[in-house]
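Q: One structure is given below, represented as structure tokens, and several questions about it will come after.
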Amino acid sequence: MSGRGLRRAVFLDRDGTLNVDPGYIADPAQIEIYLGVVEGLRLLSEKGFLLIVVTNQSGISRKFYTHEIVGAIHARIQSFLEARGVRIDAFYYCPHHPDEKCACRKPGTALFERASGEHSLDLASSAIIGNGASDIEAGRRLGLLTVYVPTPRFRLEREPVEKVGADLVAESFREACRKVAERLG
Ligand SMILES: [Zn+2]
């Protein structure tokens, strides 16, 4: 149901999608935003999409870093983007270990449902962009437009494009944003 006052969003994976993923980033200084991300986010923002990061951060449960560090990393991403004229509307993260079988670790949908309630979202006209099969699976469960941006590492070793089952595949984040804008207007 696309009611009045509902907003649309693009959900964004963090590591390997917005920024280089060296594995368990534990220091804000490690954040390196990919080329084209600022431009892509600006396009989506201009089209009226809220920009919402949803990220699995089991490094908290594994004691590799703390909630405070994750907060500092998100503040760094935000300040980097704000200096370039765009901003993330909200960050959500799952701190749990996979063994905890929580509802919020992607492909679980709890964080998306929370975001949907907190921001009055119309999920049927929203999208997700990510480099992991779990991003695409979460998006499918929620009825989002799913856009897969495989990194070479994922493409070669882990999740072949054809097995992920996304609505769209893009070669870069910027291209993914263009495709979302085209498809959802
Ligand atoms: Zn969780």
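Q: Evaluate the following for residue 54: is it under 25 Å from residue 120 (Cβ atoms), touching a Phe, Trp or Tyr at 6+ places or on another chain (Cβ under 8 Å) and within 16 Å of the ligand (Cβ to nearest atom)?
A: Yes: the conditions hold for residue 54.
Q: While we're here: Checking residue 64 against (1) crowded, with 20+ Cβ neighbours inside 10 Å; (2) not in a strand (DSSP E or B), only one condition comes out false. Which one?
A: (1)
Q: Right, next: Look through the stretch 26-49, keep the residues that are among the acidic types (Asp, Glu) and in a loop (DSSP other than H, G, I, E, B), and return whichever of them is surrounded by the most Cβ atoms within 10 Å (Cβ to Cβ).
A: The residue in question is 32.
Q: Moving on. Please tell me if residue 134 is within 14 Å of the ligand (Cβ to nearest atom), of a type in the set (Ser, Thr, Tyr) and outside any strand (DSSP E or B).
A: For residue 134, the condition - within 14 Å of the ligand (Cβ to nearest atom), of a type in the set (Ser, Thr, Tyr) and outside any strand (DSSP E or B) - is met.
Q: If you don't mind, another one. Just need a number here: residues in the stretch 103-131 that are part of a loop (DSSP other than H, G, I, E, B), crowded, with 16+ Cβ neighbours inside 10 Å and within 15 Å of the ligand (Cβ to nearest atom).
A: Qualifying residue count, the stretch 103-131: 6.
Q: Cβ contacts < 8 Å: first residue of a type outside the set (A, V, I, L, M), restricted to the stretch 35-48; second residue modelled with pLDDT under 95 and not in a helix (DSSP H, G or I), any location; separation 6+ or different chain. Result?
A: From the stretch 35-48, the pairs are 36/172; 47/185.
Q: While we're on this one: If I filter the stretch 75-102 down to residues being within 16 Å of the ligand (Cβ to nearest atom) and within 15 Å of residue 53 (Cβ to Cβ), which single residue comes out as surrounded by the fewest Cβ atoms within 10 Å (Cβ to Cβ)?
A: 92
Q: What pairs come out if I take residues in the stretch 145-157 that are modelled with pLDDT of 95 or more and pair them with residues that are among the hydroxyl-bearing types (Ser, Thr, Tyr) and part of a helix (DSSP H, G or I) whose C-beta lies under 9 Å away, six or more apart or interchain?
A: 145/125
The values are calculated or read from the model by the stated rules, or taken from the named source; none is laboratory data. Quantities reported herein were computed from a predicted structural model and do not represent experimental measurements. Every residue, glycine as well, gets a Cβ built from its backbone with ideal geometry; the counts of neighbours run over all protein chains shown.
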